[in-house]
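This report concerns only the one structure given below.
The values are calculated or read from the model by the stated rules, or taken from the named source; none is laboratory data. As the structure is a computational prediction, the values presented were derived from the model and not from experiment. When we count neighbours, we look across all protein chains shown, and the Cβ atoms used for this are built from the backbone with ideal geometry, even at glycine. Keep in mind that these areas ignore ligands, DNA and RNA; they rest on the heavy atoms of the full protein, side chains included. Shrake-Rupley method; radii C 1.70, N 1.55, O 1.52, S 1.80 Å.
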Amino acid sequence: MYWPDLITLRRIALPVLERNERRLFGRDIMFSKPLQTRGFAGVVLEATVDDVRRQLLNVDNVYPVNTATLKYHETSEGRAYEAGTYALRPEGFLGEIQYHFRLWPHVDGVGISAHRELNPWRRPRDHYAGVDWHVGPGVEKAYELLDIDRSKSVDGIRPR
């Protein structure tokens, strides 16, 4: 199944919508949110985002997550936004669970954050309520799929 990767559009449009969401919508819609650093798995060293993106998309049942909230990390140089977001859905696109991986620009390569959660296409209400959301299994799945240096910290994330 082909599913488009809209990360470039998301990185352009969502920060603008976030800055104007109260004026446009009258409330906080949460177009973007801060990275939960406890889900930071480490870094794929000396890799580019495109390298890691290709690795993930070569795995069966991995899809871009175009409907996810855009995550950011505050750095001394300003806000760094994720550079990609992908889900492994072992049971297929509409499977019940997904392992969600976010890619970050990092001084040593590509930072990876991860968690396991319910698939929003299968159980949207529970997904957005955070039911069955866990960091550990997502980080472990990231370690299975990618060659991640666990010693690197979230502090190396930088805007690009």
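Can we say Arg22 is modelled with pLDDT under 95 and open to solvent by 60 Å² or more (accessible area, probe 1.4 Å)? It would help to see each step written out before you state the result.
On the way: modelled with pLDDT under 95: yes; open to solvent by 60 Å² or more (accessible area, probe 1.4 Å): yes.
When the stated conditions are applied, Arg22 passes them.
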Per-region count, the range 25-47, residues farther than 24 Å from Lys152 by Cα, modelled with pLDDT of 70 or more, open to solvent by less than 80 Å² (accessible area, probe 1.4 Å) and hydrophobic (A, V, I, L, M, F, W, C): 0
Given the conditions (1) farther than 20 Å from Asp51 by Cβ; (2) free of Cβ contacts under 8 Å to residues at least 24 places away in the same chain, and given that Glu144 satisfies all but one, which numbered condition is not satisfied? (1)
